[in-house]
1. Which one of ILE367, ILE397 is within 25 Å of ARG17 (Cα to Cα) and modelled with pLDDT under 85?
2. Could you check region 221-286 for helices (runs of 4 or more DSSP H) lying wholly inside it with 3 or more residues that are farther than 24 Å from ASN156 by Cα and not acidic (Asp, Glu)?
3. List the residue pairs whose Cβ atoms are under 7 Å apart, where the first residue sits in region 108-132 and is farther than 17 Å from VAL342 by Cα and open to solvent by 10 Å² or more (accessible area, probe 1.4 Å), the second is part of a helix (DSSP H, G or I) and of a type outside the set (Ser, Thr, Tyr), and the two are 6 or more positions apart or on different chains.
4. Would you tally the residues in region 133-152 being of a type in the set (S, T, N, Q) and surrounded by fewer than 24 Cβ atoms within 10 Å (Cβ to Cβ)?
5. Among the residues of region 329-347, is there at least one that is modelled with pLDDT under 85 and either over 13 Å from the mean Cα position of the chain (by Cα) or within 26 Å of ALA119 (Cα to Cα) (or both)?
6. For region 271-298, enumerate the residues that are closer than 24 Å to MET173 by Cα and touching a residue at least 24 places away in the same chain (Cβ under 8 Å).
7. Mind checking which pairs have a first residue in region 139-168 that is over 13 Å from ALA195 (Cα atoms) and a second that is open to solvent by 10 Å² or more (accessible area, probe 1.4 Å) and of a type in the set (D, E, K, R), Cβ under 8 Å, 6 or more apart or different chains?
8. Examine region 58-65 for a residue that is among the small types (Gly, Ala, Ser), more than 24 Å from LEU326 (Cα to Cα) and buried (at least 16 other Cβ atoms within 10 Å of the Cβ), and state whether such a residue exists.
Amino acid sequence: MKGKALSRQELQHLMLRAGFGVRPSDLVRFEGKTREEAVDMLFQDATINQPILYIPRPDTKDNGEVSTLKALLMVLKSKEDTEKLNLAWLDRMAVARAVLREKMLLFWHNHFATGTAFAWLMQVQHNMLRDHALGNFRTMLHAVAKDPSMIIYLNNQQNKKKAPNENFAREVMELFTLGEGQGYTEFDIKEAARAFTGWTVNMKGEYEFKPEDHDEGEKTIFGKTGRFSGEDVLEMLLERKQTATYVCRKMYRLFVNATINEDHVAELAKVFYNSGYDISATVKYMLLADWFYAQRNIGCIVSSPTELIVRYKRLLKLDTEDKQVLALQDILGQTLFFPPNVAGWKGGRNWIDSLSLLYRVHLPTAIVQQGTVKIKRKPAFEEKNDGKSREEKRINIKSDWSELVQFFKPSKDLTNDVIAYFIQSPQMRIDRKAIEAEVDNSTPERRIITTIAAVMKLPEYQLI
C-alpha cells in the first residue's frame, strides 16, 4: 500500500523485478522505506551511468577509417572480443548499484536484439542503449535505426534505391514498434524500405547517409503520400498508439506477469504515449502501481539465465573461469550478445526445458561444494541429437557465503527463514522435511550454507 513501509516480500519482489534480487546489505538500505521512497532510491541509484569500455577503439588511418585488412582482422577476432564484452557486462550487473539501469538495459538488449561480427560496434551499441535505457524511447528508436551494428545486422547498408532491402523496414514495424501484423501491410513495408535507402555505415564505423543511394520519390505509407525520409517513417510509427501498447506489453511480461492484464497494459501505454515515450515515467508508474504488488504478480515469472547467474554472483560472489561462464550461459539458453535471431529470446516458460532445469537444480550443490558441474551443450538445430559431437565441459566454481552466513541465524526456524527470504511463490507445498534431509548440521555455518543451497535447488527458486 502506498505511504506504508514495504513488507519484506514486497521489497524482495521489487528488487527481483527492478534488479537481480535482494542482498542482506540491500535490506539495511531499503527496509522500512515506503514504496515511493524505495522506488526513488532505485531511480537515484540508476543515475549512475558508466559506459563499458572493455574493447579498445580500433586503430584507424589518419582520416579515421579502418583499413580493409584491419576490418578483416576485427571480424576474425570478433567472437572472442564479444565474449569479453559479454563477461564485462555480466560482472557489471553483479556489482552495480544502478541495478534498475542494468535491468532496463537487459530489456532493451533483447528488444533490439542484434548480433554482428564487429565486437567494437556491439560495444558502441551497448553503450548507446545504456545511455537511453531510462531516457526517451523516441530518441532511442532514432539512435537504434542509425546504429552501425543494427544497420549491418539487418542489411540496411544494402538498401539502395535501385534494389531496396526490406529487412530493417519489416523488423522496425514487426519487432521494434507496432508488433507482428498490427496495422501495417506488405505495401507499407516496401514503401518504408524506400525511405530508408541510403542509410549505411562507413569505414569509420559510423552511420552515413548516401544521397546517391536514396530514393527521393514519393512513397505511400499508412495511407499518406509524400517524399518521406527514414526519420519520417519512425515518427509515423511513434504517432501510432499501438507502438506504446506493443512496447508496454513486452515490458509487462518481463516486469509484472507473463499473463497479460490488458487493463494494466492500457494504463502503462497511456503513460508511455502521453509522456512522449518517457521510459522513466512509465517504469516508475509500473513500480508504484498497486497491481505490481498484487499476490498474483509475485513469484510468477521464470528468471532468465542472465538473471539467475547475476543473482548468484551478487549473493555469493560466484566466480568461475571466463569460458565456463559462457558455457553455463549456453547450456541455460541465453548468451548475451548472441541472440538466437532478431526477435531475441522468447523468455518466460521457454527458459525451462528438461535439460536446463536439471542444471538449474544441480547448480546450488556444486556451488556449496566449491566443486564442478559437468555440462554438455544442447545440440544446434542442424546437429544430430546423438550426443557425440558435443564436448562435455566441467565448470569449476568458487563462492563466498560469508554475507549470508552472518545474516541468517542457526535457530530452529532457519528453514522457514531461508524459504521466506528466497522463495516468492506460495510456500505451502514446499516439503520442509526434504530440505532438512539435505542439511549438514556438523557446524552452525555448514547448517546455514546447506539449508540455503537446499532451498536454491527448489523449482520455486527459479520463479521471481
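1. ILE367
2. Counting at least 3 such residues, we get 241-255, 262-274.
3. Sorted first by the residue in region 108-132, then by its partner, the pairs are TRP120/MET74; VAL124/PRO148; MET128/ALA143; HIS132/MET140; HIS132/ALA143.
4. 2
5. Taking every residue of region 329-347 in turn, none turns out to be modelled with pLDDT under 85 and either over 13 Å from the mean Cα position of the chain (by Cα) or within 26 Å of ALA119 (Cα to Cα) (or both).
6. PHE272, TYR273, GLY276, TYR277, ASP278, ILE279, SER280, THR282, VAL283
7. Sorted first by the residue in region 139-168, then by its partner, the pairs are HIS142/GLU231; PRO148/GLU206; LEU154/GLU171.
8. no
The values are calculated or read from the model by the stated rules, or taken from the named source; none is laboratory data. Everything numeric here is computed off the predicted structure, so don't read it as measured data. Glycine also receives a Cβ, built like all others from the backbone with ideal geometry; neighbour counts cover every protein chain displayed. To get the accessible areas, we keep the full protein, side chains included, count just its heavy atoms, and leave off ligands, DNA and RNA. Shrake-Rupley method; radii C 1.70, N 1.55, O 1.52, S 1.80 Å.
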